[in-house]
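For reference, the structure is listed below as structure tokens.
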Amino acid sequence: MKTKSKWLFSAMILVLTMAIVITGCGKSNNTGGETNSANNPETGGSSNAPSDEPVTITYSQWGTAEELQRTQELLDKFTAANPNITVKLEGKDWASYWDGLTANAAGGTLPDVLKTSYAYIDKYADLGIFKELDGLLSENSFDLSNIDDSLLGLHKYQDKQVSLPIDANVIVWYYNKALFADPKTNPKGAAVPTLEPTWDEIVDIATKMTLDKNGKSADDPGFDSKNIVQWGLSLSPGSSMDWFLEPELWSNGAKLVNDDDTLALDTPEAQEVLNFFIDLTKNKKINTTPAQIEGLGGDVNLTLTTGKVAMNPGGSWNTTNYQEAKIDYGISFLPKFKTNQTVVQPAGLAISASTK
């Protein structure tokens, strides 16, 4: 996972998407008002040239404090290159972001540019909050060739582009190399996961890496499951259905939802997966309980950063979290039942339909 490349790509799309907004501001209005001199052929200007008049854009996104700080650094670079444009960053956590967006839409206070998830395109497009981008993309000769068609398609509504994908986050399997390398935290010498691990392999590793306060692993006689100090696994299928449970269902020949959007968890293949994960926590005691996840910070994606968890699933965006926590991590494919499966989750940037 090349975090640097991902952020450079995100920065490029961020700047260009905002440039589209400014280009729209710089064109003549629809009431017969004066025309920007950049659009006058006698001056040799281009119809695509932005206005030089000062303008302020509000840009809203979800994210942690660290993610917002990185976004601000990108915006500072954008402002340095475009001194007449001020970009005001508005940031919230994931849950309050969407509640706020709904309230903004109802109150007519939407930001000019906003981050969106492919999973919410239809919902918010139905509310009419997105500006259709096809015309602006065509007018500005915006090159979409470096964005996969499948990702673009996830950001369309009724076959119209309403958002531009800025990344293609992939769900993978992480492990803490330091825990495996230290005999104190790996007394049985468990090997790190292979590149394409099976669940049988992962269960064996996690059993050896789950330790109680006396240093006994989960397969030792007298293991004290009420006093675990290190967990082999930390996963929460119920709270991560769209990015972890769903690919695991696919791996076993099952699926999460039917074509009519009803749950498809009553098949033998789906039940096998659900019972497997229940067993990891309830019987084998090698996976964190919801209460233990709360004790480790509350975010199942970030339990690896505590130094008390050997393995967990997460998104490609978590590499930055692990680096900041100074975790020496390794990556493999998600464990498989029958076939390797994962999901790609492309976030995007949209323009508000109400922006000037």
Worksheet item: Is there any pair linking a residue in the range 314-330 that is at pLDDT 95 or above to one that is open to solvent by less than 30 Å² (accessible area, probe 1.4 Å) and not in a strand (DSSP E or B), with Cβ under 7 Å and at least six apart or on different chains, and which?
Response: 327/304; 329/304; 329/322
Worksheet entry | Inter-residue pairs, beta-carbon under 6 Å, first touching a residue at least 12 places away in the same chain (Cβ under 8 Å) and in the range 184-200, second surrounded by 13 or more Cβ atoms within 10 Å (Cβ to Cβ) and among the basic types (Lys, Arg), 6+ apart | 188/208; 190/208; 198/336
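What helices (runs of 4 or more DSSP H) lie completely within the range 1-116 and have 2 or more residues being modelled with pLDDT of 50 or more and crowded, with 18+ Cβ neighbours inside 10 Å? First the steps, then the outcome.
Values: elements: 3-26, 65-81, 94-107.
By residue number, 65-81, 94-107.
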Worksheet item: Just one of 147, 129, 121 is more than 20 Å from the chain's Cα centre (by Cα), among the β-branched types (Val, Ile, Thr) and open to solvent by less than 80 Å² (accessible area, probe 1.4 Å); which is it?
Response: 129
Response to the item:
Sole miss for residue 157 among (1) more than 25 Å from residue 64 (Cα to Cα); (2) open to solvent by 70 Å² or more (accessible area, probe 1.4 Å) is condition (2)
Worksheet item: What are the residues in the range 216-249 that are under 16 Å from residue 307 (Cα atoms) and open to solvent by less than 40 Å² (accessible area, probe 1.4 Å), if any?
Response: 228, 230, 231, 232, 233, 234, 235
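Is one or more of the residues making up the range 169-178 surrounded by fewer than 17 Cβ atoms within 10 Å (Cβ to Cβ), within 30 Å of residue 203 (Cα to Cα), among the charged types (D, E, K, R) and touching an Asp or Glu at 6+ places or on another chain (Cβ under 6 Å)?
Just the residues of the range 169-178 that are surrounded by fewer than 17 Cβ atoms within 10 Å (Cβ to Cβ), to begin with: 177-178.
Filter once more, so that each one left must be within 30 Å of residue 203 (Cα to Cα): 177-178.
Checking the rest, the ones that are also among the charged types (D, E, K, R) come to 177.
From the residues that got through so far, the ones that are touching an Asp or Glu at 6+ places or on another chain (Cβ under 6 Å) too are 177.
Within the range 169-178, one or more residues are surrounded by fewer than 17 Cβ atoms within 10 Å (Cβ to Cβ), within 30 Å of residue 203 (Cα to Cα), among the charged types (D, E, K, R) and touching an Asp or Glu at 6+ places or on another chain (Cβ under 6 Å).
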Fill in: Condition broken by residue 133, with the remaining ones in (1) under 17 Å from residue 110 (Cβ atoms); (2) touching a residue at least 60 places away in the same chain (Cβ under 8 Å); (3) in contact with a helix residue (DSSP H, G or I) (Cβ under 7 Å, 6 or more places away or on another chain) satisfied
(3)
Fill in: Output for the range 214-266, where each listed residue is of a type outside the set (D, E, K, R), outside any helix (DSSP H, G or I) and over 19 Å from residue 292 (Cα atoms)
221, 222, 252, 253, 254, 256, 257, 258, 262, 263, 264, 265
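The values are calculated or read from the model by the stated rules, or taken from the named source; none is laboratory data. These figures come from a predicted structure and were not determined experimentally. FYI the Cβ positions are ideal-geometry reconstructions off the backbone, even for glycines, and counts take in every protein chain you see. Protein only, heavy atoms only, side chains kept; ligands, DNA and RNA dropped before computing areas. Shrake-Rupley method; radii C 1.70, N 1.55, O 1.52, S 1.80 Å.
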